[in-house]
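Scroll down for the structure; my scribbles are underneath it.
The values are calculated or read from the model by the stated rules, or taken from the named source; none is laboratory data. In this text, all values refer to a predicted model and were calculated from it rather than measured experimentally. Cβ: placed from backbone, ideal geometry, glycine included. Neighbour counts: every protein chain shown. Heavy atoms of the whole protein, side chains included, go into the accessibility calculation; ligands, DNA and RNA do not. Shrake-Rupley method; radii C 1.70, N 1.55, O 1.52, S 1.80 Å.
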Amino acid sequence: MRRHWNEGGGTGNRMLFQLSATDLVAPSQGLNIRVAYQGLPGAFSEAAALKAYPLCETVPCEEFDVTFKAVEMSVVDRAVLPIENSSDGSIHRNYDLLLSHRLHIVGEVQLAVNHCLMALPGVKKEGIKRVLSHPNALAQCEFKLNKLEVIQQNMHDTAGAAQIIASDNLRDAGAIASVQAAEIYGLNILEKGMQDLSDNVTRFLILAREPIIPGTDRPFKTSIVFTLDEGPGVLFKALAVFSLRNISLTKIESRPQRKRPLKVVTDSNHGTAKYFDYLFYIDFEASMIEPRAQNALAHLQ
Ligand SMILES: O=C(O)C(=O)C[C@]1(C(=O)O)C=C[C@@H](O)C=C1
């Protein structure tokens, strides 16, 4: 549920949005459901969509924001978007897009991401001068790619990198992509497990136009976003509302508030100072139907 909890009023410009209720149990099989993802067939995001909804029809989209729009415009029923990787951290673009689009987080899916180095048939590792992939994928393979001493080139997605090598017959290039991408675009896998950490997991969010009704029959997660006034210990106090009720936080992320990135504060001792103004995104393990979650948010407000 995305509810406008409180905006303005009081001492500052605080606000608290409830972004989502996330059903942590795998959703349905997805028969007759169309699911948008960013990238081309063979992208890890497509694999995540199929993990969430094995029988769904996957719909490739060029950009992350097109994926959001596809749901908003009812072209598809769901979108699956990467939000965080175990070694590379948050995918900030999608945090920002969550706020600029009116969709609801209705589930999440975690995917083990196994990156492969691939090239056209006949091309050897020594013949590769540049490696193409999604910037997050390149970052996840940083150590092995640095050892190869190749130029790294950013692409929209991993599968798109494999596709362009095949379509443009790039014999000096390799791609970092999935086993499925190698099969789809007819490339040869030169090395599997290119990621720096063998346990490489990406967490994806499932977005829909309608919220789900949170219950207590299975595990739920709730996501909120808020701002805070400047002052000592304000974030500590904000987080205490969860700790006091034994609610675990699973994620905290801060992003600059784009509409008001700088806050000017004048104090008699130190004069005028400019502070960065942040949005805090928090995921906590409780369903909004539970009184402790409702009390925590009322307290936070
Ligand atoms: O390019 C892809 O295959 C994607 O699905 C994108 C993406 C990402 O944005 O992080 C997804 C999972 C992996 O972490 C690497 C790339």
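For first residues located in the range 87-102 and farther than 15 Å from N136 by Cα and within 15 Å of the ligand (Cβ to nearest atom), partners that are of a type in the set (D, E) and assigned to a helix (DSSP H, G or I) and lie 6+ apart or on another chain with Cβ distances below 7 Å form the pairs L97/D65.
Within the range 134-153, the set of residues being over 16 Å from N85 (Cβ atoms) and either loosely packed, with under 14 Cβ neighbours inside 10 Å or in contact with a His (Cβ under 6 Å, 6 or more places away or on another chain) (or both) comprises N146, K147, E149, I151. Regarding the range 100-109, can at least one residue be identified that is at pLDDT 95 or above and either in a strand (DSSP E or B) or in contact with a helix residue (DSSP H, G or I) (Cβ under 7 Å, 6 or more places away or on another chain) (or both)? Checked against the condition, which is being at pLDDT 95 or above and either in a strand (DSSP E or B) or in contact with a helix residue (DSSP H, G or I) (Cβ under 7 Å, 6 or more places away or on another chain) (or both), the range 100-109 yields no hits at all.
Within the range 279-291, is there a residue that is assigned to a helix (DSSP H, G or I), at pLDDT 80 or above and out of contact with any strand residue (DSSP E or B) (no Cβ under 7 Å at 6 or more places or on another chain)? Yes: one or more hits. Taking the numbered list (1) of a type in the set (A, V, I, L, M, F, W, C); (2) at pLDDT 95 or above; (3) open to solvent by 80 Å² or more (accessible area, probe 1.4 Å) in turn, A296 passes all entries but (3). Yes or no: A161 within 10 Å of the ligand (Cβ to nearest atom) and either open to solvent by less than 50 Å² (accessible area, probe 1.4 Å) or under 24 Å from S86 (Cβ atoms) (or both)? Here the answer is yes, as A161 does meet what is asked.
Scanning the range 2-50 for residues that are open to solvent by 20 Å² or more (accessible area, probe 1.4 Å) and at pLDDT 95 or above yields R34, L40, P41, F44, E46, A47, L50.
I need a count of the residues in the range 52-64 that are assigned to a helix (DSSP H, G or I) and within 12 Å of the ligand (Cβ to nearest atom).
Total meeting the criteria: 1.
Being among the small types (G, A, S) and in contact with a strand residue (DSSP E or B) (Cβ under 9 Å, 6 or more places away or on another chain) is the filter here, so list the residues in the range 167-180 that pass it. A173, G174, A175, A177, S178 - these are the residues of the range 167-180 that are among the small types (G, A, S) and in contact with a strand residue (DSSP E or B) (Cβ under 9 Å, 6 or more places away or on another chain). Among the residues of the range 132-154, those identified as away from the ligand (no atom under 16 Å from the Cβ) and not in a helix (DSSP H, G or I) are E149, V150, I151.
None of A175, A166, A182 is more than 9 Å from the ligand (Cβ to nearest atom) and open to solvent by 10 Å² or more (accessible area, probe 1.4 Å) except A166. Looking at I83, is it among the β-branched types (V, I, T) and under 10 Å from the mean Cα position of the chain (by Cα)? Yes; evaluated as a whole, the condition is true for this residue.
Listed here are the strands (runs of 3 or more DSSP E) enclosed by the range 155-229 that have at least 1 residues being of a type in the set (S, T, Y): 201-208, 220-226.
Among the criteria (1) free of Cβ contacts under 8 Å to residues at least 60 places away in the same chain; (2) in a loop (DSSP other than H, G, I, E, B); (3) not hydroxyl-bearing (S, T, Y), the one L40 does not fulfil is (1).
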